[in-house]
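Here is the structure we will look at, set down as structure tokens.
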Amino acid sequence: MTLGACKNDSTSTNNNSSNNASSQVSSDSVKLESDSVATENTASNNTAIGTVKDFAISLEEAMAIYQKEVPNTDITGIGIDSSFGNYYYEVNGMDDNTEYELKIDVNSGEVKEKRDEKLDRDEQNGVKRNEDKLDLTNLKALKDITEVAINQAGGGEATDWSLDKELSITYWEIKVKNGNQEHEVKINAQTGEVLESELDD
């Protein structure tokens, strides 16, 4: 009888130890899962999230519309900005003696405005044209360039785009609004490299 009682106590002790060990493993498992979720959430929060606008008329289509309207000219600048909530491509170009500007609806491709102006005498005969014409070969997709700008700003939404030239480099300057802050990011149009980034409070 005494031996039987001792045996039962041993079994009970073993069961309790097993249950305690099981509880400890379960608790540790839950803790590890919680830590894993916390780590994933932190990584997710550190990922830049932004909005990339999708225009019905692509940049390439806008340039083709310009060339059709004003043939035998070189493009010297492109801007994308809004007027009363509607976005437009503003494409600038010139021939040897005249400067042109077209305003093109980003959704319909309709030319909303067309202007031209005679160049100054010292800018004529191709002088200004050769200085200002953009290198439009091997341009990175506008969507990709915009994503680079948004990531550089730490998130937000791109609101204005400007394609310009400095020395021999054709670059995009993109404004990104992130909360109450506005970033201006310059990006090489061919390589996607960030050239400059400024924060306007």
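Figures for the structure shown
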{"quantity": "Distance (nanometres) between label positions extended 7 Å along Cα→Cβ at Val194 and Asn178", "calculated": "0.8 nm"}
{"quantity": "Charge-dipole axis of region 59-200 as Lys and Arg at +1 and Asp and Glu at -1 on Cβ define it, positive-most pick from Met63, Asn125, Val185", "calculated": "Met63"}
{"quantity": "Full-extension gain in nm, Gln67 to Asp122, via 0.36 nm per residue minus C-alpha separation", "calculated": "17.3 nm"}
{"quantity": "Anisotropy class of region 59-200 from Cα gyration tensor, a/c 1.5 cut", "calculated": "prolate"}
{"quantity": "Hits among lysines - C-alpha to C-alpha of Lys118 under 19 Å, sequence gap 8 or more where chains match", "calculated": "Lys103, Lys128, Lys133"}
{"quantity": "Given charges at Cβ of Lys, Arg, Asp, Glu: region 59-200 dipole, positive-most of Ser197, Gly109, Asn86", "calculated": "Gly109"}
{"quantity": "Shape call, region 55-104: gyration tensor on alpha carbons, a/c limit 1.5", "calculated": "prolate"}
{"quantity": "Sparse-neighbour loop sites [chymotrypsin sites (Phe, Trp or Tyr not before Pro); region 74-113; at most 15 other C-beta within 10 Å; DSSP]", "calculated": "Phe84"}
{"quantity": "Straight-distance crosslink candidates among aspartates and glutamates, where the alpha carbon sits under 16 Å from Lys114 and sequence neighbours closer than 8 are dropped", "calculated": "Glu69, Asp74, Glu90, Asp95, Glu99, Glu101, Asp105"}
{"quantity": "Sequence-distant lysines (8 or more away, or on other chains) whose Cα lies within less than 17 Å of Lys143", "calculated": "Lys53, Lys175, Lys177, Lys186"}
{"quantity": "Centroid-to-centroid separation of region 126-201 and region 97-122 [C-alpha atoms, Å]", "calculated": "22 Å"}
{"quantity": "Cα centre as origin, Lys/Arg/Asp/Glu Cβ charges: region 99-160 dipole, Debye", "calculated": "160 debye"}
{"quantity": "In nm, spacing of pseudo-spin labels at Lys114 and Glu157 (7 Å Cα→C-beta vector)", "calculated": "3.3 nm"}
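Taken together, the values in this text are just the output of simple stated rules run on the coordinates, not laboratory data. All figures in this text were calculated on a predicted structure; none of them were measured in a lab. Note that each Cβ is placed from the backbone with ideal geometry, even for glycine, and that neighbours are counted across all protein chains shown.
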